[in-house]
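Before any comments, here is the structure.
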Amino acid sequence: MSLVVESDRGNDSTERELFQKGVKHLCEKGIKGVPRKYILPVPDQPNSGKGTFSARNLRLNLPVIDFEELHGPSRSLAVNSLRKACEEFGFFHLVNHDMPRDIVHNMMDVSKRFFELPFEERSKYMSTDFRSPVRYGTSFNQTSDEVFCWRDFLKLSCHPLSEVLPFWPSSPMDLRQAVVNYSTNTKSQYLMLTEAILESLGLVGTTTNENEKAEDLREFEDGSQLIVVNCYPACPEPDLTLGITPHSDYGFLTLLLQDEVEGLQIQHEGRWVTVEPLPDSLVVNVGDHLEIFSNGRYKSVLHRVVVNPTKTRISVASLHSLPFNRMVRPSPKLIDETNPSCYKDTDFAAFLDYLSSSEPKKKSFLESRKLT
Ligand code: OGA
Ligand code: NI
């Protein structure tokens with residue numbers, strides 16, 4: 001471990017101002033140690049407690065869902081695997097998706113170039129308003145987080161596209177086009193996955209007529225989509241901090257594109273397990289809305305990001321939710337006298353209010369929705 005002089009840890013107001021500018025900026029200043037602002041209490045540090053395992057070491061195979069199989073003659077088998085993955089892991093790899101390679105490649109490439117822009121350019125998009133269509137920032141909630149995460153992000157809302165597009169960064173020049181292409185393609189993967197998920201919950205089936213199916217899917221089509229580009233710079237003391245602290249995602253499903261640097265860990269059977277990057281795949285996870293919609297059958301699982309001493313890691317999360325004004329509640333078809341609803345009805349606005357009023361800790365939002 002490197003020796004760090006206490007004064008490097010940072011305390012005064014100039015340094016607080018510096019932290020507001022993000023981790024990338026901090027690293028460009030050439031720091032040797034992790035400033036105090038980013039040091040987690042010992043029990044929350046990545047290697048304390050029950051230990052962390054690489055999926056390979058644990059011989060744990062994160063389920064792999066084959067998108068082609070979902071749309072081929074063995075669909076019912078694939079839907080079954082999907083059900084098991086959502087029940088037992090809340091996470092899976094999606095392989096053989098039908099997103100064009102160059103669209104995925106350009107999204108990752110332009111994300112890297114955005115974070116390489118001078119701070120002055122990036123900072124034009126800084127905002128602490130949770131409802132802003134573009135938001136560049138650092139940590140999780142940089143106005144209230146007591147300890148900062150080792151992450152900078154660019155959040156772009158994608159719905160409705162024509163309204164939000166003029167707010168997106170104009171540099172790099174190809175960013176808008178790359179994100180339009182990527183977000184429309186992920187949206188269609190999401191809709192196809194959602195159709196399979198409704199089937200896996202027994203809500204639509206082979207006997208459901210097409211009109212009824214289209215009706216069931218319509219509200220997902222109108223749902224919101226948020227693209228979050230995450231940048232986790234190389235960290236001089238990765239054992240003291242986290243790129244993102246344990247959290248669950250609030251939406252229905254998240255589709256995550258990660259580069260070749262590992263860092264994502266999920267909680268499985270009480271342990272932290274690393275999700276190894278699988279080339280050409282997406283990592284998909286169940287969000288809080290789907291946990292509620294499925295009345296608890298599918299789990300919105302805690303996950304976090306660890307950082308490393310040598311490599312910057314980039315990931316692109318596409319968060320898909322129900323429409324802004326739609327109540328989130330268990331599907332009426334899954335509720336009856338013997339299976340009562342386990343959650344309070346929630347709308348998205350209530351969630352945003354919650355987000356801006358307090359620091360989301362772990363699964364506290366979902367916990368607050370539970371009926372006991
Ligand atoms: C997120 C998230 C994981 C990652 O953005 O919510 O969990 O690997 N990201 O960046
Ligand atoms: Ni997440």
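Remarks
- Residues 336, 152, sorted by accessible area with the largest first, give 336, 152 [1.4 Å probe; ligands and nucleic acids excluded].
- In this structure, the pairs whose alpha-carbon distance is over 24 Å, taken from 21/155; 333/370; 124/311; 24/299; 29/311; 187/370, are 124/311; 24/299; 187/370.
- Measuring how big the chain is from its alpha-carbon positions, Rg and Dmax come out at 20.5, 69 Å.
- For the pair the range 246-281 / the range 143-178, the C-alpha centres are spaced 21 Å from each other.
- Here the relative contact order of the chain, from alpha carbon pairs under 8 Å that lie six or more residues apart, stands at 20 percent.
- What the range 71-222 shows is 46 Å² of accessible area per residue, with the surface traced by a 1.4 Å probe over protein heavy atoms.
- Expressed as a whole percent, the proportion of Cα-Cα pairs in the range 240-325 lying more than 16 Å apart is 56%.
- Of the DSSP H helices in the chain, those whose Cα atoms cover at least 27 Å axially and whose Kyte score averages 1.0 or more: none
- Residue 341 versus residue 109: modelled label distance in nm, points set 7 Å from Cα along the beta carbon direction: 4.8 nm
- Per-atom-type breakdown for the range 39-368 gives carbon and sulfur 52% of the accessible area (1.4 Å probe, protein chains only).
- Cα-Cα pairs of the range 229-372 separated by more than 27 Å (percent): 28 percent
- Exposure of residue 168 as accessible area (Å², to 10), given a probe of 1.4 Å and all protein chains: 0 Å²
The values are calculated or read from the model by the stated rules, or taken from the named source; none is laboratory data. Predicted, not measured: the structure shown is a model, and the values here were computed from it. Reconstructed Cβ throughout: ideal geometry from the backbone, glycine too, with neighbour counts over all protein chains shown. Accessible surface is based on the protein model in full, side chains and every heavy atom, while ligands, DNA and RNA are left aside. Shrake-Rupley method; radii C 1.70, N 1.55, O 1.52, S 1.80 Å.
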